[in-house]
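S.K.: Before I ask anything, let me first share the structure, which is written out below as structure tokens.
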Amino acid sequence: MMKLPIRPRRNRKSEAIRGLIRETTLSVANLIYPMFVHAGERDEPIESLPGCVRWSIPGLVKECGRLHGQLGIPCVDLFGVVPDVLKTGDGAEAYNPQGVVQRAVRALKEEFPDLLVMTDVALDPYSIYGQDGIVRELPGGGVEVLNDETVESLVRQAISHAEAGADVISPSDMMDGRVGALRQALDELGYTQVSIMSYTSKYASAFYGPFRGALGSAPKAGDKKGYQMDPANAREALREAELDEQEGADILMVKPATFYLDVIAAMRKHTHLPIAAYHVSGEYLMLKAAAASGWLDEKEATLEALTSIRRAGADMILTYAAPQAAEWLA
Ligand code: PBG
């Protein structure tokens with residue numbers, strides 16, 4: 001027989017010892033649940049995101065009672081869904097004080113003061129172009145998303161969310177300078193305790209398809225490569241991280257998550273700020289579809305994916321699997 005003094009398998013011999021040496025934990029305390037809300041009266045299942053729902057405001061409040069009260073999910077991130085008639089060139093519905101997100105925030109904070117309510121800040125759900133900002137039409141038929149004009153609208157949108165009672169503002173638009181502009185505007189109005197979770201390195205990813213299906217927000221012309229990052233780049237993410245940090249972001253985000261674990265790990269080394277990772281709609285749907293085909297164990301595969309994101313260095317994870325994961329982890 002072999003004389004082998006060093007045997008890593010000794011540390012794997014029982015669940016007890018595996019538990020002692022486990023390096024990464026995943027708990028419900030790490031999870032943020034992205035939710036969709038519309039002004040309609042019905043709660044409608046979302047075809048592109050099995051298990052997710054376009055909630056009415058009362059439906060949203062009721063569901064948050066279960067998610068927060070029973071499952072212990074600490075934070076929800078709200079996305080507004082509006083009908084085409086409310087979409088305009090400038091996306092002004094985004095900062096309507098009576099808009100669906102603003103009303104939903106008020107309803108949630110009234111019912112659950114301890115639930116952390118986060119809101120997405122970007123114009124795409126409200127834009128006829130399906131772009132995240134103010135658009136200039138180009139002679140050739142394309143569009144240009146104007147940076148500084150867009151930042152002004154994002155500031156109005158964020159303020160309307162803060163007025164409604166949002167705890168965290170989450171700009172997902174990738175305009176330059178928006179974190180600093182949001183911080184300054186919020187502070188001037190006395191919202192010094194409203195946090196900013198910045199989409200620091202949001203990639204121009206093909207994995208947002210099911211989300212755009214849920215919102216009806218796919219770009220009508222062109223793409224988002226003029227502002228979202230090139231999936232080929234990692235160093236550029238650190239440059240964005242430095243800027244967001246200087247501009248006053250409280251939390252940095254990497255998005256998508258599982259295809260960008262190297263970016264999460266690099267950012268973890270680079271900053272002392274907390275890091276969030278967004279396990280996006282396409283990453284979720286891949287797991288759902290593979291599980292539905294019978295070839296993946298949904299629970300094992302989902303928890304493995306989420307644990308990998310934590311191992312790479314993310315403190316918190318935005319995921320559509322949050323309710324299921326919370327049940328599995330209970
Ligand atoms: C848009 C926004 C997107 C997502 C979050 N905010 C889509 C996009 O940039 O086109 C994607 C989320 C997901 O795919 O789960 N501001």
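The values are calculated or read from the model by the stated rules, or taken from the named source; none is laboratory data. These numbers come from a predicted model, not from an experiment. So basically every Cβ, Gly included, is an ideal-geometry build from the backbone, and we count neighbours across all protein chains shown. All accessible areas refer to the heavy atoms of the entire protein, side chains included, with ligands and DNA or RNA removed. Shrake-Rupley method; radii C 1.70, N 1.55, O 1.52, S 1.80 Å.
S.K.: Please give the per residue accessible area of the chain, computed with a probe of 1.4 Å over protein heavy atoms only, in Å².
M.R.: Values: 15530 Å² over 330 residues.
Ligands and nucleic acids excluded, the figure is 47 Å² per residue.
S.K.: Have a look at region 189-283 and give its Rg and Dmax from the Cα atoms, expressed in angstrom.
M.R.: So, for region 189-283, Rg and Dmax equal 14.1, 40 Å respectively.
S.K.: Something else: Cut-off 18 Å, label point 7 angstrom out along Cα-to-Cβ of ASP223: give me the residues of region 270-292 whose amide nitrogen falls inside.
M.R.: Under 18 Å, as judged by backbone N against the label point of ASP223, lie 281-283 of region 270-292.
S.K.: What does the convex hull of the Cα atoms of region 6-51 come to per residue, in Å³, rounded to a whole number?
M.R.: 155
S.K.: Further question: What number, rounded to the nearest 500 deg cm²/dmol, is the helix-based mean residue ellipticity at 222 nm of the chain, given -39500 (n - 2.57) per DSSP H run of at least four residues and division by all its residues?
M.R.: Theoretical 222 nm ellipticity from helices: -11000 deg cm²/dmol.
S.K.: Count the lysine pairs in the chain that are 8 or more places apart or on different chains: how many have C-alpha atoms under 15 angstrom apart?
M.R.: Close lysine pairs found across the chain: 8.
S.K.: Next up: Given 20 °C and 1.002 mPa s, how large is the Stokes-Einstein diffusion coefficient of the chain in µm²/s, with Rh as the Kirkwood radius over Cα pairs?
M.R.: Estimated diffusion coefficient is 104 µm²/s.
S.K.: For region 201-293, which trypsin sites (Lys or Arg not before Pro) pass both filters: DSSP loop (anything but H, G, I, E, B) and at most 11 other C-beta atoms within 10 Å?
M.R.: Qualifying residues, ordered by number: LYS225.
S.K.: In the chain, what percentage of the DSSP-assigned beta bridges are antiparallel, given to the nearest 5?
M.R.: 15
S.K.: Once fully extended, how much extra length lies between ARG22 and GLU44, figured as 0.36 nm per residue of separation less the alpha-carbon to alpha-carbon distance?
M.R.: Additional length available on full extension: 3.9 nm.
S.K.: For ALA166, what charge total do you get from the other residues with a beta carbon under 11 Å from its beta carbon, if Lys and Arg give +1 and Asp and Glu give -1?
M.R.: Once positives and negatives cancel, what remains is -2.
S.K.: Compare the peptides 48-60, 295-307 by average per-residue count of other Cβ atoms within 10 angstrom and give them in order, highest first.
M.R.: 48-60, 295-307
S.K.: Then there is this: How much of the accessible area of region 26-329, in percent, comes from carbon and sulfur atoms when a 1.4 Å probe is used?
M.R.: 51
S.K.: Right, something else. So how do ASP43, ASP132 rank on accessible area, 1.4 Å probe, biggest first, that is with the largest at the start?
M.R.: These residues rank, largest area first, as ASP43, ASP132.
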